[in-house]
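Take a look at the structure set out below.
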Amino acid sequence: MAEKYWQLIDAHGGALHVFKTFPVVIGRSDECDVKLADDSISNLHLQVNQNGKSLLLYDLDSSNGTLVDGKRIKTVKITPVLGEEKVPLQIADMHFTLFYGTEKAAAGKKVVAQQAEAQPDAGEQWYYSHGGQQIGPVSSAQMFDAVDQGALQPTDDVWRPDIPGGLKAFEVAGLFTGAPGAAEDAAVVINDPLNRERATCPFCWHRFAPEDVLYIASHSDLLGDPVLGSDEPQRFLPSRFTPEGLALDAGGMICPDMACPRCHLRLPAALLNMPPLFMSIVGAPSSGKSYLLASMSWKLRTTLPELFSMRYTDVDATTNHWLNDYEEKLFLQADENAWQTIAKTEMLIQNNLYRQIRLNGMNVFLPLPCMFTLQAEQGKLEGIDETNAQRTLIFYDNAGEHFQPGADSSINPGTRHLIHAEGLLFLFDPTKDPRFRRVVHSADLQLQRKDLVQRQDVLLVEMVGRIRKYLGLKADVKYAKPIIVAISKADVLRELVQLDESPWVWNAATQTYALNMSKIAEISFIARSFMLQHAPEVVRAAESFSNHVVYLPNSALGHSPSSVAGGKGLAVRPADVKPQWAEVPVLYFLARLGLIPSIRQDDPAALHPARCEREGQTWRVHVTEADAALDVPVYYSGHTLLCPTTRRRFRVPQLTTEATTL
């Protein structure tokens with residue numbers, strides 16, 4: 001049976017976009033996945049996400065609005081009821097149809113981001129990169145001359161000030177097929193979602209069609225790459241193949257390894273077959289990001305397959321070697337009582353976490369993320385779209401200094417994965433905040449070191465600023481994706497929050513485990529309450545940026561590290577490592593995307609009849625008439641929460657739009 005997909009149908013009756021990977025942003029900006037060149041469309045107009053077979057539509061506070069079936073919406077969930085579904089969609093002044101069914105062929109013209117005449121024009125200024133050198137500005141006529149002289153190759157990067165983003169020379173229509181003047185209707189096609197599925201490089205975030213991927217030469221004589229250096233094998237666009245379809249290099253050797261057309265770094269094969277799912281972790285220096293990544297990954301290796309029938313494996317044997325080393329130190333030591341430590345992630349060091357390349361004439365440092373394949377086991381989970389649940393999960397471990405103001409630059413673009421991330425995880429370290437130090441009762445050595453005190457809201461504000469800048473978000477426009485404030489080292493906060501209970505439960509109706517969103521909401525609200533009391537600027541910064549902020553305490557180790565005699569820092573013994581809720585942030589994001597089951601399950605007993613009044617994006621809750629009102633964000637709707645002052649349980653009213661709640 002042919003697969004069914006949600007599709008955006010244009011006025012000609014053809015599929016303008018087939019929704020296979022998520023999220024999808026629609027708007028007038030070149031950064032959008034689907035660009036609509038109409039003045040009525042906002043730069044970032046509409047975001048489309050998925051929950052199982054349902055579509056979740058978020059209007060991004062557009063100027064002219066979005067209408068579904070004639071009704072203006074902010075958020076809406078659309079579920080196919082019959083075998084096929086057709087829903088009228090109006091985006092500002094443009095009319096479309098959302099269609100659920102087998103894939104339609106494209107009808108009408110391609111989506112064209114910019115028109116560019118391939119003729120000499122005194123006003124044009126082109127630039128290109130060839131042999132590691134940047135050339136320009138040059139005219140169109142000089143571009144044709146460079147092609148004739150062999151100084152400009154089809155896979156070279158070209159760009160123009162009025163055409164943002166990187167292009168390949170072969171994408172300039174007419175440049176390799178005719179002389180100047182032969183292509184009067186030439187067009188540069190960017191983000192072509194009609195005819196080609198596009199992949200995203202996890203290193204430089206360049207989007208490209210899989211057929212444009214480069215191969216890495218295998219012959220020992222084919223050394224010297226203009227981007228990666230003289231010691232690296234050459235990257236090339238193959239023209240010869242074996243009968244089995246394997247690429248051959250100029251020396252006749254089979255080349256199994258592939259590389260990004262822009263940065264030339266090696267790409268795992270799974271990335272071209274399984275859409276990426278980016279997750280960004282942001283935090284202050286020494287806040288525990290590396291320890292959390294190690295514990296998170298280790299726990300996911302067992303939790304996902306055993307509880308949620310989801311395979312979680314390394315994309316290959318080499319990509320994750322640095323994270324595997326972290327895991328081995330904490331969990332796979334022959335002597336469990338031998339002291340172990342994970343080195344602090346440093347900036348701009350060509351080690352396991354960064355790679356220096358030469359791009360457009362500049363030396364650029366790019367991050368080397370860790371990558372995993374996610375694959376739902378066939379027929380194991382009811383209500384999960386198994387086609388969508390085949391993803392490449394990508395984590396980044398940036399040095400905390402990367403998020404300091406001024407650290408982002410063209411030679412150090414290592415945090416630009418933020419704009420591609422499906423999930424943003426801001427790691428807040430309570431041991432660095434003097435206000436938490438005054439209220440916790442713990443012998444943790446990190447609470448005694450004065451050199452570890454640091455203001456962390458500045459990093460959060462810097463992260464928000466970078467995302468707004470790169471996405472073109474106005475100051476009054478909210479971010480459409482959820483943010484998790486992950487409160488690390490929660491073992492020192494035992495008096496404020498308890499993490500002994502697992503956040504998943506057995507769902508008897510489906511005979512599967514499911515992530516309990518009620519438990520997530522309860523813990524999140526408790527954590528938000530003490531964050532408001534001791535670090536209110538972090539809460540305000542996060543919630544002024546996104547309408548969906550979740551607060552999840554975690555402990556990567558489950559206990560305080562120790563100071564080893566003769567050592568320069570803190571260390572742990574693997575026998576003592578017992579992570580708590582380290583994997584929960586990832587599970588939450590996966591549940592939000594419909595990749596693992598979720599459920600709401602709480603204890604209805606002992607509920608206090610609170611009075612709740614809706615005010616915009618906030619519920620004003622009076623647990624008792626004698627107490628001051630609680631301000632509860634609207635995304636807690638439908639959940640049972642614990643009042644931080646009276647310790648009484650109360651339920652927040654349910655909203656009809658599921659997309660706005662936890």
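The values are calculated or read from the model by the stated rules, or taken from the named source; none is laboratory data. Please read these numbers as outputs of a predicted model, since none were measured by experiment. Glycine also receives a Cβ, built like all others from the backbone with ideal geometry; neighbour counts cover every protein chain displayed. Calculation scope for accessible area: heavy atoms of the full protein, side chains included, ligands and nucleic acids excluded. Shrake-Rupley method; radii C 1.70, N 1.55, O 1.52, S 1.80 Å.
Here is how the numbers come out for the structure above:
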item: Filtered residues of region 366-383 (kept if open to solvent by less than 30 Å² (accessible area, probe 1.4 Å) and at pLDDT 80 or above); result: L366, P367, P369, C370, M371, F372, T373, L374, A376
item: Members of region 287-341 found to be open to solvent by 40 Å² or more (accessible area, probe 1.4 Å), in a helix (DSSP H, G or I) and within 15 Å of Y396 (Cα to Cα), listed by number; result: Y291, H321
item: Matching strands (runs of 3 or more DSSP E) fully within region 461-527 where at least 3 residues are not β-branched (V, I, T); result: 504-507, 512-516
item: Only listed residue being out of contact with any Gly (no Cβ under 9 Å at 6 or more places or on another chain), free of Cβ contacts under 8 Å to residues at least 24 places away in the same chain, outside any strand (DSSP E or B) and under 25 Å from V652 (Cα atoms), chosen from A591, A605; result: A605
item: Residue count, region 384-402 (criterion: open to solvent by less than 10 Å² (accessible area, probe 1.4 Å), aliphatic (A, V, I, L, M) and at pLDDT below 85); result: 2
item: Count of region 1-28 residues which are open to solvent by less than 50 Å² (accessible area, probe 1.4 Å) and at pLDDT 85 or above; result: 13
item: Single residue of region 569-616 satisfying the filter (on the phi > 0 side of the Ramachandran plot and at pLDDT below 90) that is surrounded by the most Cβ atoms within 10 Å (Cβ to Cβ); result: G594
item: Matching strands (runs of 3 or more DSSP E) fully within region 15-104 where at least 3 residues are among the aliphatic types (A, V, I, L, M); result: 15-19, 24-27, 54-59, 85-91
item: Close pairs from region 415-431: first touching a residue at least 40 places away in the same chain (Cβ under 8 Å), partner charged (D, E, K, R) and outside any loop (DSSP other than H, G, I, E, B), Cβ under 7 Å, at least 6 apart; result: T415/R466; L418/R466; L427/K289
item: Residue in region 156-176 that is open to solvent by 10 Å² or more (accessible area, probe 1.4 Å) and modelled with pLDDT of 90 or more present; result: no
